[in-house]
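First comes the structure, then the notes that go with it.
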Amino acid sequence: MYPITCRSEPARDSGGSANLYFECMSAIASRLTPTVTALLRLVMIGAICLLSACASQAPLPAGSPTLPLPLQLHIERQQADQRQDWLLVIQREGPGIRWSMMDPLGIPQARQQLIDGHWQADGLLPPNPEARELFAALLFALTPPGELLRNYPTAQQQDGQRSLPTRWDIRYAQPLSFELNLPQGPHYRVSPLGEPTP
């Protein structure tokens, strides 16, 4: 009869099959421990990433600002030497505000609904963190001047510009025509649809 091995040592015969079972289970458990530890590490890393994503989420207003909806805006995105154009439709729908962005061919790029101060996916498009940041920045930019400090207590506002320090900087040509700059880029030029871009 061949010896049965666990932990690459011959199993002891003194306790019979019960001892053999417990030795094998101990050997299996000791080999699983690194796997379980690795899984726990992955879970912890995922939780930390999720928390950091929540912490870096774009700020939203304390209340619901008065917006002249519906709006159709032309968004020009510039970063380095690349330029993209999008059409953004903002409209009230039920209890929230729907944000629908598409390229010049009409292909949807991002859809979100802002309901009770929280973003919710609208449709089957994959998550688009840049679009969500853009929508939050546009909400900040479109908030009427008289409602700004109530909705964004740390905002700064002066002639023709406003900012949320370390987040967004807006420079207005007209109430609906402005430049939106993020510290690390990209930069956006926003204008009502149909208005020529300078």
Proxy reagent accessibility, fewest Cβ within 10 Å first, across D159, D103: D159, D103
Burial ordering of L105, L125, L138, fewest other beta-carbon atoms within 10 Å first: L105, L125, L138
Euclidean distance of C-alpha centroids, the stretch 125-168 and the stretch 62-115, integer Å: 14 Å
Potential extension, Q78-L182 segment - 0.36 nm per residue separation minus Cα distance: 36.3 nm
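Coordinate-derived values only; no laboratory data. Keep in mind that what you see is a predicted model, and the values were worked out from it rather than measured. Methodologically, a virtual Cβ is constructed for each residue, glycine included, from the backbone with ideal geometry; neighbour enumeration extends over all protein chains shown.
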